[in-house]
Every structure is written in structure tokens, then in C-alpha cells.
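Below is one structure, written out as C-alpha cells; comments come after it.
No lab work stands behind these numbers, since they all come straight from the coordinates. Since the model is a prediction, treat every value here as computed from it, not as a measurement. With ideal geometry, Cβ positions are generated from the backbone for all residues, glycine too; neighbour counts draw on all protein chains shown.
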């Protein structure tokens, strides 16, 4: 929201609490309407026909909270006095430098433009304690899940390698048909491995660099094209059968 030439200046040497909260909420263009609609600079109405009114009330309460708890120096008309009798006075003010110092210490994630320059807002990104803790918890959960998926992938890879060795040791497989149970087992393993390779963790992290079944097929043909059954048409058919079989087994 941009101010026009008739708007009050964004930054001042000192502010009344309501003036500071108006700027904090980004509602400077509504300042005349807000000031004309309130009877007390501290006890604001529950609602007002103004955007983000709830935010403005919260910011006003935070400023008064800082004043009442001795965190934010205050005075009258820009002169610091700490006279508690001023709390309900419309002439109560806080200095720009004190407000900026207080906000940096108690609300470091907040950097409104009337207190902080553009370079200050961009050069010193701040992560709140709550956000940092949430990111740490998410990171630990992701690390644990990744370890589990790596172990599962390793087990599937070992089973896959064992199947490849078995197929090499028995070249005349057409003459030695496997049982329906064994075929179902192999198809489930292949389907599960393929879904895992193409899937992603709950956090959105892919389990592998393969994005599509076609990419898996191309890689297999490129690396093992000389082995029996490693052909694009055969692989696509087997993979499709395996994935269908796995889905039906999960129902």
C-alpha cells in the first residue's frame, strides 16, 4: 500500500502509541480515519471498518505492554519522563530510537519500514525462536525418515541384486517356470522398489533422482542392455504389471 503526497511522513522522531501501531500495521493511509474514529488511544474498539484492524489492536497492546513492563521508555511530546500518570494521556509518546531498540530486542522477526531501512530489512533476515525450533524439529524428523528410507532402499537393492544373480545363474528360465507365489513375490518387490524410486518423503524430498518410469527404464537399458530381459519394451511391460499387482495387493 503506497502513501500519496498528502499522507503524514512514515518516520518521525517520536510517536504516540497509536501512531506507531498504525505504521507497524502498514495502515498509514488510514491514519486520519482511525484517529477520528477512536475516543481513547489505548482502549481501541473491538472492530472498525479498516483493513487489518485486529493486527493494529495487537500492536497497540504490545507497545503499551512494553511501556508498563519497563521495557520501552516513554514520555510526553518526545521528552522521556517515565511518568506513570501519562499512561492514559493522549500526549504519551515513545521515541523512534527507543521503539526501534525495543522492537529489535523483543520482536526481532518484525522489521516495519517506518523503523528499519530497506538495507536493514534485507541485510539482516531474522528467524524467530518459534520458527527456528519448528525448523529444527522438521529437520530431525526428516533426517530420521531419510535414514529409514535409505535402509529400506538398501534392502530392496540387495534383493534386486540377488534376483539378477539368480537370473544369470539360470539362463534357461523359460524352461523352468516359477510358481504363481514366487512370481507374485517378485512382482511385489519390483513394484515396491519402483514406487520407492519414483516417490518422495512426506516432506517432499525425492527418494531418488529418477522422476519417471521411462527414466528408470532408460538407465537400466544403458547400464545392463546386454542382460536377458533388459529391453525397453520388456521392462515397461514388467514394470506396469508389477505396479498393478502391488496396488491390488495393497487394497
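Which of the three applies to the chain, rounded, prolate or oblate, going by the alpha-carbon gyration tensor with a ≥ b ≥ c and a/c under 1.5 meaning rounded? The shape class here is prolate. Estimated from helical segments only, the mean residue ellipticity of the chain at 222 nm is -18000 deg cm²/dmol, where each DSSP H run of four or more residues counts as -39500 (n - 2.57). Between residue 140 and residue 200, what length in nm is gained on full extension when 0.36 nm per residue of separation is reduced by their alpha carbon distance? Length gained, residue 140 through residue 200: 19.9 nm. Under a crude label model (7 Å from the Cα following the beta-carbon direction), how far is residue 69 from residue 219 in nanometres? With each label point 7 Å from Cα toward Cβ, the separation is 5.3 nm.
For the chain, the longest principal axis of the C-alpha atoms and the axis of helix 53-68 are separated by about 60°.
The spacing between the range 65-123 and the range 228-251, judged by their C-alpha centroids, is 67 Å. Distance between the 7 Å Cα→Cβ label points at residue 234 and residue 37: 7.5 nm.
Computed from label points 7 Å out along Cα-Cβ, the spacing between residue 29 and residue 84 is 4.3 nm. Note the angle between two axes, namely the Cα long axis of helix 232-250 and the longest principal axis of the Cα atoms of the chain, as a number of degrees from 0 to 90, rounded to the nearest 10. Between the helix axis and the principal axis of the chain, the angle is about 70 degrees. I'd like the orientation of helix 96-106 relative to the chain: the angle between its Cα long axis and the longest Cα principal axis, in ° from 0 to 90, rounded to 10. So the helix axis and the longest Cα principal axis differ by about 40 degrees. When the Cα gyration tensor is reduced to axis lengths a ≥ b ≥ c, the ratio a/c is 1.5 or higher for the range 14-126, and with a/b not above b/c it is classed as oblate. Were the residues from residue 47 through residue 12 laid out at 0.36 nm apart, the gain over their Cα-Cα distance would be 9.9 nm.
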